[in-house]
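S.K.: Below: one structure in structure tokens.
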Amino acid sequence: MGSILFMWFLCLWWSLTATANNSTSDHQRPLPYYLLEELPANTLIGNVVVDAKLSDKYPAGVMGNLSYHIFKQVNERGVTVGLFDVDQSTGILKTAVRIDRDEICPKKENCLIYLDIMVYPPQYYHLIETVVDVLDINDHVPTFAESEVFLRVTESARPGAILDLPEAADPDGADYGIEHYELVSSTSKFELRTNSLPQPTDIKLVIKEKLDCKEANFYQFRLVAYDGGEPPKFGSVLINIEIIHDLDNGDDGGGDGGSTKLDNATYEIFVLENTPLGTTIGKISGKDLNFEHNATLYYRFTESTNQSYGQLFGIVHHTGGLFLKRTLDYEITPKYVLSVAVSDDDSMPLPTHVRIIVQVEDDNDHAPEITVDTQSPSGEATISEKANTGTFVAKVSVNDADENENGKVRCLLDGAGSFQILESGVQEYQILTAIELTRDLPRSQNLKIMCHDLGKNPMSSTAEVTVTLTKANYSPPSFSKTTYTATIVENNQIGETVAVVHAADPDEGQNGEVRYKLQNDIMDMFSVHPTSGILTTNIVLDHENTRTMDIKVVAFDLGMPVSLSATATVLLTVIDVDDEIPEFTQEFFAFGTFENQPPGADVGVVTANDDDSPPYNQFTYHLIGGTDDAVDLFSMNSLTGHIYTKLALDRETRPVYYMTAMVRSLTDLTHTSTASVTIYVADKNDNKPTITWPTESNNTVYISDKLPPNTEVARVRAFDGDLGSNGKLAYSIRGGGSDLFAVDLATGVLTTKPGVSLSTYDAVDLVIQVKDHGFPRLSSASALHVIINSSVSYAGSRRPMNVIYTNNNTTIIVSLTSASLILIFLLIVAIVLIKKQQQEKKAKSYANNVQPNTMASGRLESQTMLAVREDAPDGRESCGAECLGVREQNLLHASLPISAACYTEHRNGCLQMLTDETDNILDIKQSEPNLQYGCQNFKNPSKLKIPDVVKELDSEQSRKQSPMVESLSTNPTSLHGFPVGSMNNFKAPVPQEVKGLEYHCNSCLPTNPYSSSLLMANTDV
């Protein structure tokens, strides 16, 4: 079945190719199609509309009104067949039944079916001639009538004598019919002989050598018939030959191996068709060479001839007379080839064969057959009373089965008058109007068609057709208005009436009957009743999507053959209702404002939209909630959405506020929506530096006069509550003493100056000044008394303790102080060891229970921050690495497993870290927007430590247990066992006793969002 389908696709391609090639030649040639036999009904053959290129003949508006009909389908003999159908609207040609080529065209080399397909209506009449070549497939196997044959021959038969063998039958056509025979035998006594026709017939077995029953009295072999398939199919018959002993074994044979001599080896007989049955049409003559023994000859058809033509011909066995058993018909078979075996009356005769060719001559025995097609069930032709000259009325097809002049036909129209008949093809005619018709002509006329052939004794036929004139369609429908206006409220019900249109037509009958339809582009949305003109909705309309529509309604009449139409417009307005909710333009709003601004400062504006039309699109803004007292500190303009401050804000008190804004419709108070508002308070330099040492109650230091140059004497302690450069401090000595001592600008470390001898001084009073880097710069000062005494010991390079003396019992105080320091040191060591053990237990518990696969060793002892970097949105690296004073590649030490974590803050600002003097990170946060901070390099960026509290924040429960942690990302990412999150406003607990807190930042580019990267390393302790 697969091979058959493949061949069918090949044929279809062949059909399309042939059609395309024919398009460049004479357009009168039929469209060729090719079809394999035995395909199921409804098999696609082709599209005659496309292949005939009707779109080149008719405009697009006409193509949709055309219909297609098969007027005639006949075989090569002119016999009507019903093998194909054509779709009346598309022109697609398909099979109507399963076609058996071997039945409709038996043994034919070609099997051609001719079709005439007509294009209607009459004013667009066109004839498409097509021919379908039904191709054979090898669907039959050669078969013999019997499975086994028995023959007898005397041993006296001479070499060259012939025996008849049975023929195989194969209904397939010439390509797949019997191609050759093969004799499968183990003896050389016999050979196979066939004739040279396209398909072998008259299968003969020839005796090649002298037979001797003493040598072998029985032979058996197989005759195999092969067809022309690839691979060939075959069938076989078993041949049995018995050799009979002959007492007279002399040389008494002759002819073709027998004892008969014929006058001719081939006879040709001519007989007129319709000759009566029983008529003798010829005779075979000959004589017996063994006259003394057998004087009578015996005539018979060979087995194959008797099977094929025994019902048509007979032969007189003892005279050789050939006679008719049935009347012959030239139109069915014009030629017959018969084979006759002639033998004597011997008991074991060997026949001689003669070939008879019977040529059937044509007689003018068929009258023309007339077929009239009006494409009307009644058979009447209808035409408009105002049809123009040359308008098509009907198609006439004539068929005469006779040949040559006997089959040629001429047709006339009797009493033509207003009509004429013209030849349109071979045996094809058209009846057309001869004049321009008017309404004054008779409504009905009978036309008589007369056709005759051109034979010596011509035969004729007649046919009649009734032509009815129909009322002409003079006027198109007319609408009562060319433009209708209508309104409908949105959210309508499906099927709701929009408008009613009306049109009238003054014509009579169906020419005046009006129907309504919509143009195609609007049919999904609306419907119009075909007779009442009521326009209804198919969908629910939405004012916000469609506010007005132009609906085109077409009114057409039922006139034939041409319908007339008119168009009107319905202008539809969709009325709005308050069905839309005002929506904020953003889900989140973020603003920034500086601290210390007076009440009424403009913070920012939120915006919203309502898709309704006025007055339903009006709304107001409101602040409805927030964290703590946020709503009490801000106000919102209900009409514009502007947000203002009610009080002066202090960043140091609170750096960020979270609120909820609401927008409410004025026409429906239930229509509301909300958005989140975040306000960041930006820092101003409003805090002076606070000096925690020296203070008024603790401002004296004792040193030895033997201190060498650049020796640390003391460390000034100070802090500033502001951020960035506003909180960055600079230390200096104001007034006297600067010639003896120097203070580090950044660290506040007080050291001795080189080239100065302290032994000449008993005491020095210094004024230490601390300034920030804000604008304007603010400062604080504190007095420091330095007592220089030779009694204070100095132990080489050992750093002296800063000792504060409050009385003269120096020794006692020093001793007590030393003992206290030793005790404190021991306590600190004990606390550190206990804390370390607790940390190890917590890290192991986390690694085992929370994320056992995040660490190679299963323990997390510490995390070392190697770098903090901020990247610009376009991929450019900012100055983050430079702020840290290192390059990322310099940090990749082989001894540390490096890992990186990134987070993105879609807010303006930069990353900040709060560290103590030992560089432990105590706070990581995103700074407020609209600020420009300077950068300060980390003193030792490779040793910044993530505090333990960060490692422990791995669950919601732990966050609840750590109240000092103000906020974390709701979806934190895990960085080697602890959540990093957005880092925004992240705070770890800061022990108040820790001194020397410092803020550092990397890049600060507030105008765009930046992503910050933390480069981390695990150290496994």
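The values are calculated or read from the model by the stated rules, or taken from the named source; none is laboratory data. Just so it is clear, the model here is predicted, and its values are computed rather than measured. Using ideal geometry, Cβ is built from the backbone for each residue, glycine included, and neighbour counts are taken over all protein chains shown. Ligands, DNA and RNA are excluded from the accessible area calculation, which covers all protein heavy atoms including side chains. Shrake-Rupley method; radii C 1.70, N 1.55, O 1.52, S 1.80 Å.
S.K.: Quick check, is residue 189 touching a Pro at 6+ places or on another chain (Cβ under 8 Å) and either open to solvent by less than 40 Å² (accessible area, probe 1.4 Å) or modelled with pLDDT of 90 or more (or both)?
M.R.: no
S.K.: Taking region 320-336, which residues are of a type in the set (A, V, I, L, M) and farther than 12 Å from residue 361 by Cα?
M.R.: Those that are of a type in the set (A, V, I, L, M) and farther than 12 Å from residue 361 by Cα: 322, 324.
S.K.: Here are the criteria: (1) closer than 16 Å to residue 304 by Cα; (2) within 60 Å of the chain's Cα centre (by Cα); (3) modelled with pLDDT under 85. Tell me which single one residue 174 does not satisfy.
M.R.: It fails just one condition, (1).
S.K.: Return only the number of the condition from (1) in contact with a helix residue (DSSP H, G or I) (Cβ under 8 Å, 6 or more places away or on another chain); (2) part of a loop (DSSP other than H, G, I, E, B); (3) buried (at least 21 other Cβ atoms within 10 Å of the Cβ) that residue 156 does not satisfy.
M.R.: Failed condition: (1).
S.K.: I'd like to verify a number: residues in region 376-407 that are touching a Leu at 6+ places or on another chain (Cβ under 9 Å), closer than 25 Å to residue 70 by Cβ and charged (D, E, K, R), how many?
M.R.: Qualifying residue count, region 376-407: 1.
S.K.: Moving on to the next point. Give the number of residues within region 131-153 that are out of contact with any Gly (no Cβ under 7 Å at 6 or more places or on another chain), open to solvent by 20 Å² or more (accessible area, probe 1.4 Å) and not aromatic (Phe, Trp, Tyr).
M.R.: 12
S.K.: In region 76-120, which residues are among the aliphatic types (A, V, I, L, M) and part of a loop (DSSP other than H, G, I, E, B)?
M.R.: Listed by number, the residues that qualify are 79, 81, 83, 96, 97, 99.
S.K.: State which residue is surrounded by the fewest Cβ atoms within 10 Å (Cβ to Cβ) when the search covers only region 318-328 and only residues that are closer than 18 Å to residue 266 by Cα and free of Cβ contacts under 8 Å to residues at least 40 places away in the same chain.
M.R.: It comes out as 319.
S.K.: So, one more: Would you tally the residues in region 435-461 being part of a strand (DSSP E or B) and surrounded by 15 or more Cβ atoms within 10 Å (Cβ to Cβ)?
M.R.: 8
S.K.: Within region 624-645, track down each residue that is more than 22 Å from residue 686 (Cβ to Cβ), open to solvent by less than 30 Å² (accessible area, probe 1.4 Å) and outside any loop (DSSP other than H, G, I, E, B).
M.R.: Within region 624-645, 625, 643 meet the criteria.
S.K.: Continuing with this model, one more query. How many residues are open to solvent by 20 Å² or more (accessible area, probe 1.4 Å), within 30 Å of residue 403 (Cα to Cα) and of a type in the set (Asp, Glu) when one looks only at region 28-80?
M.R.: Here the count works out to 1.
S.K.: Can you name the residue in region 646-669 that is in a loop (DSSP other than H, G, I, E, B) and open to solvent by 70 Å² or more (accessible area, probe 1.4 Å) and is also nearest to residue 610 (Cα to Cα) among such residues?
M.R.: 666
S.K.: I would also like to ask the following. Regarding region 370-381, can at least one residue be identified that is β-branched (Val, Ile, Thr), open to solvent by 30 Å² or more (accessible area, probe 1.4 Å) and touching a helix residue (DSSP H, G or I) at 6+ places or on another chain (Cβ under 9 Å)?
M.R.: No, there is no match, as no residue in region 370-381 is β-branched (Val, Ile, Thr), open to solvent by 30 Å² or more (accessible area, probe 1.4 Å) and touching a helix residue (DSSP H, G or I) at 6+ places or on another chain (Cβ under 9 Å).
S.K.: Among (1) open to solvent by 20 Å² or more (accessible area, probe 1.4 Å); (2) over 30 Å from residue 655 (Cβ atoms); (3) part of a loop (DSSP other than H, G, I, E, B), which single condition is residue 759 missing?
M.R.: All conditions pass for residue 759, except number (3).
S.K.: Taking residue 537, is it open to solvent by 50 Å² or more (accessible area, probe 1.4 Å) and either of a type in the set (S, T, N, Q) or touching a Leu at 6+ places or on another chain (Cβ under 6 Å) (or both)?
M.R.: Answer is no for this residue.
S.K.: May I pose another question? In contact with a Gly (Cβ under 7 Å, 6 or more places away or on another chain), without any contact (Cβ under 8 Å) to a residue 60 or more places away in the chain and open to solvent by less than 80 Å² (accessible area, probe 1.4 Å) - does that describe any residue in region 516-523?
M.R.: yes
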